[in-house]
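The values are calculated or read from the model by the stated rules, or taken from the named source; none is laboratory data. Since the model is a prediction, treat every value here as computed from it, not as a measurement. Cβ: placed from backbone, ideal geometry, glycine included. Neighbour counts: every protein chain shown.
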Amino acid sequence: MPWWFFRRRSRPAASQTAPAAASGWQLGEVALPRLHGSRRYLQEQPYLLPKDLGEVNRLDFQHYILRAVLRGNYLAPIQQPRRILDVGCGTGQWAFELAQQFPQAQVVGLDLEQVKAATSPPPNYRFVQGDILQGLPFDDNSFDFVHQRLLIAAIPQPAWPGAVQELARVTSPGGWVELVELSTHISNLTPSGPANEYLASLTGQLAALRGLDSEGIVTRSLDRYLEQAGLVKVQRHPIRVPLGEWGGRIGSLLALDFRTMWTAISTPLAARFQIPEQDVLQLIDQACREWDELHSSCSFTVAYGQKP
């Protein structure tokens, strides 16, 4: 089936959850200003992080860290998929690599906007603009492998079950859905220190105001969401990763990623809680020092299931 055959369905699935109604977050409520200095944020989405060149660079950097942590780009036992979908594809790097790994497959990356125009994308890759919260613009049973990762800061917590049902809807019988998430709750970091707890508290409050998960519910529920969507052979794999220079190369890279991510929302945090931004940046510095002092680590969760 050629990529251009995919078309938006005329009506959303009954299980689909509208973001405003389900999340408690309304457009214009607790909105991030469109521009904070040189950073660009989305006003009409609950997404916390910027959408700009700086975030593009961080997402690519984060991709390589995850690939090293997972020792590959996925854990699901896929064989030779003919059609692959990456929901929330970001820069498209994961999808590019899958397109190269499976040259016989048609690979589609979907996101709110194309944040990085590749000069020479793989010939079997296409970008499609869309929003999981509004329903996927594809027919039922369209893909053999559907992948989604790190949308904890984009999908309101009450909307997750419906979003995963939508992923399952577009998956072909026998195909696989894989989810990868990092909990934003402080319990994900062990051991933690006072700076990390305070910073996580501020971030959690800002996330909760926008309907996002601030209690670690989503990460703990990924397998349950897959089962509720009717998938079978569901597996859940927590992966503990060292955070900080004490953890060697991976720990150092992940610490840089976390620092960059927190710095990206330092201005919104300062504005929302009326804290001088310099104090927020100092808090981030102190949190980073705690990782090495306490030998902290965090965990990613990978969950996947097969459509019967």
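Can you find a residue that is polar (S, T, N, Q), modelled with pLDDT under 95 and within 20 Å of L182 (Cβ to Cβ) anywhere in segment 248-264?
First pass over segment 248-264, keeping only residues polar (S, T, N, Q): 252, 260, 263.
So of that shortlist, the ones also modelled with pLDDT under 95 come out as 260, 263.
In the following step, the residues that additionally are within 20 Å of L182 (Cβ to Cβ) were identified as 260, 263.
Yes: one or more hits.
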Inset, instruction - Starting from segment 60-82, take each residue that is under 26 Å from V170 (Cβ atoms) and touching a residue at least 24 places away in the same chain (Cβ under 8 Å) and list its partners that are among the aliphatic types (A, V, I, L, M) and in a helix (DSSP H, G or I), counting only C-beta distances under 7 angstrom and pairs at least six apart or across chains. - result: N73/L98
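Is it the case, given these coordinates, that W176 is in contact with a helix residue (DSSP H, G or I) (Cβ under 8 Å, 6 or more places away or on another chain), of a type in the set (A, V, I, L, M, F, W, C), surrounded by 20 or more Cβ atoms within 10 Å (Cβ to Cβ) and on the phi < 0 side of the Ramachandran plot? Please lay out each step first, then the result.
On the way: in contact with a helix residue (DSSP H, G or I) (Cβ under 8 Å, 6 or more places away or on another chain): no; of a type in the set (A, V, I, L, M, F, W, C): yes; surrounded by 20 or more Cβ atoms within 10 Å (Cβ to Cβ): yes; on the phi < 0 side of the Ramachandran plot: yes.
Answer is no for this residue.
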Inset, instruction - Restricting attention to helices (runs of 4 or more DSSP H) lying wholly within segment 176-295, give those where 1 or more residues are over 30 Å from P308 (Cβ atoms). - result: 194-209, 248-264, 266-273, 277-294
Inset, instruction - Restricting attention to segment 250-271, report how many residues are in contact (Cβ under 8 Å) with a residue 60 or more places away in the chain and more than 10 Å from L49 (Cα to Cα). - result: 9
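Tell me, which residue of segment 119-154 that is part of a strand (DSSP E or B) and without any contact (Cβ under 8 Å) to a residue 40 or more places away in the chain is surrounded by the most Cβ atoms within 10 Å (Cβ to Cβ)? Break it down into steps so the answer makes sense when it comes.
Initially, segment 119-154 is screened for residues part of a strand (DSSP E or B), giving 125-129, 143-149.
Keeping just the survivors that are without any contact (Cβ under 8 Å) to a residue 40 or more places away in the chain gives 125, 127, 129.
Working: Y125: 23, F127: 21, Q129: 10.
Once the filter is applied, the top-ranked residue is Y125.
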Inset, instruction - Scan segment 265-292 for residues that are of a type outside the set (S, T, Y) and touching a Gly at 6+ places or on another chain (Cβ under 7 Å) and report the count. - result: 3
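Let's see how each residue does on (1) surrounded by 15 or more Cβ atoms within 10 Å (Cβ to Cβ); (2) in contact with an Asp or Glu (Cβ under 9 Å, 6 or more places away or on another chain):
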{"position": "W262", "(1), (2)": "yes, no"}
{"position": "I265", "(1), (2)": "yes, no"}
{"position": "A270", "(1), (2)": "yes, yes"}
{"position": "E277", "(1), (2)": "yes, no"}
{"position": "Q282", "(1), (2)": "no, no"}
{"position": "R289", "(1), (2)": "no, no"}
{"position": "D292", "(1), (2)": "yes, yes"}
{"position": "S297", "(1), (2)": "yes, no"}
{"position": "T301", "(1), (2)": "yes, yes"}
Inset, instruction - Being more than 30 Å from E290 (Cβ to Cβ) and at pLDDT below 95 is the filter here, so list the residues in segment 162-187 that pass it. - result: none
